[in-house]
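So the structure is just underneath, and the comments pick up after that.
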Amino acid sequence: MAVSTEIPAHLNEETLSSERIFEGKVVKLKRDKVRLENGDTSYREVIEHNGGVCVLPLTDEGEIIFVRQFRYPFKTVLLEIPAGKREGDEEPIKCGIRELKEEVGATAEKITYLGHLYPTVAYDTEVIHMFMAEGLDFGEQKLDPDEFIDVVKIPFDKAVEMVMNGEIPDSKTQLAILKAKILRE
């Protein structure tokens, strides 16, 4: 059974007004007044984000290349696949190629689109496009001046195990690994 993407009239929320609350380097925040299906009004705070990509680099030896970096909101170091935000209206594939080169110094012979995800649907417009990169050729990293990461290789099956054991909490990394697992089977 196919799921319809049309918005049923009774679930739609009509925007009555919109106010910009904050505009930063990475995100913008707006507060919208909406009319609900029962006629009442409510408010929605929405983070506007340009979106991004993540790339699962897979070596010929069957290892996934991860980056380990400090994530300020959680005050911890996380293990993730290379990722980054889109610049302006940059095409996701071009962003993925750029991020792969910047973060791990690699170019890929083959890039497969794994789909997209909405990481935080209740209040954020971010869309992350996922890719798998194979046939890797390595050169120099080109990190941003404020970017500090370690590059780590983990065997594919071990990475799947780590996702299933809760050792990799990052959603984009989890989903890309599990999608790649299904594609590889």
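Numbers below:
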{"quantity": "Condition met for ILE97 (assigned to a helix (DSSP H, G or I), crowded, with 19+ Cβ neighbours inside 10 Å, under 17 Å from the mean Cα position of the chain (by Cα) and at pLDDT 95 or above)", "calculated": "yes"}
{"quantity": "Only listed residue being out of contact with any Asp or Glu (no Cβ under 6 Å at 6 or more places or on another chain) and under 18 Å from ARG68 (Cβ atoms), chosen from ILE128, ILE168", "calculated": "ILE168"}
{"quantity": "Given (1) in contact with a strand residue (DSSP E or B) (Cβ under 9 Å, 6 or more places away or on another chain); (2) at pLDDT below 95; (3) acidic (Asp, Glu), index of the condition GLU140 fails", "calculated": "(1)"}
{"quantity": "Matching option when the condition is under 15 Å from the mean Cα position of the chain (by Cα) and open to solvent by 70 Å² or more (accessible area, probe 1.4 Å), among ARG35, ARG71", "calculated": "ARG71"}
{"quantity": "Qualifying residue in segment 81-88 (condition: over 12 Å from the mean Cα position of the chain (by Cα), buried (at least 16 other Cβ atoms within 10 Å of the Cβ) and over 17 Å from GLN141 (Cα atoms))", "calculated": "no"}
{"quantity": "The listed residue being more than 13 Å from LEU58 (Cβ to Cβ), of a type in the set (A, V, I, L, M, F, W, C) and either open to solvent by less than 20 Å² (accessible area, probe 1.4 Å) or at pLDDT below 95 (or both), out of ILE182, ILE168", "calculated": "ILE168"}
{"quantity": "Meets criteria (under 30 Å from ASP32 (Cα atoms) and without any contact (Cβ under 8 Å) to a residue 40 or more places away in the chain) for VAL121", "calculated": "yes"}
{"quantity": "Matching residues, segment 119-157, being open to solvent by 30 Å² or more (accessible area, probe 1.4 Å) and at positive phi", "calculated": "none"}
{"quantity": "Flag if GLU37 is of a type outside the set (Lys, Arg), in contact (Cβ under 8 Å) with a residue 24 or more places away in the chain and part of a loop (DSSP other than H, G, I, E, B)", "calculated": "yes"}
{"quantity": "Boolean, PHE66 is surrounded by 13 or more Cβ atoms within 10 Å (Cβ to Cβ) and within 21 Å of ILE168 (Cα to Cα)", "calculated": "yes"}
{"quantity": "Boolean, HIS116 is closer than 29 Å to LYS30 by Cα, within 19 Å of the chain's Cα centre (by Cα), open to solvent by 70 Å² or more (accessible area, probe 1.4 Å) and not aliphatic (A, V, I, L, M)", "calculated": "yes"}
{"quantity": "The one condition in (1) farther than 17 Å from VAL53 by Cα; (2) not in a loop (DSSP other than H, G, I, E, B) that GLY166 fails to fulfil", "calculated": "(2)"}
{"quantity": "Checklist (1) among the hydroxyl-bearing types (Ser, Thr, Tyr); (2) open to solvent by 50 Å² or more (accessible area, probe 1.4 Å); (3) within 24 Å of LYS181 (Cα to Cα) applied to THR59, failing item", "calculated": "(2)"}
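A quick yes/no check of all residues on (1) within 30 Å of GLU13 (Cα to Cα); (2) touching a residue at least 24 places away in the same chain (Cβ under 8 Å):
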residue	(1), (2)
ILE128	yes, yes
ALA133	no, yes
LEU136	no, yes
GLU140	no, yes
LEU143	no, yes
PHE156	no, yes
MET164	no, no
ASP170	no, yes
LYS181	no, yes
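The values are calculated or read from the model by the stated rules, or taken from the named source; none is laboratory data. Everything quoted here is computed from the prediction, not taken from an experiment. Heads up, the Cβs are rebuilt from the backbone with ideal geometry, glycines too, and the neighbour counts pull from every protein chain shown. Protein only, heavy atoms only, side chains kept; ligands, DNA and RNA dropped before computing areas. Shrake-Rupley method; radii C 1.70, N 1.55, O 1.52, S 1.80 Å.
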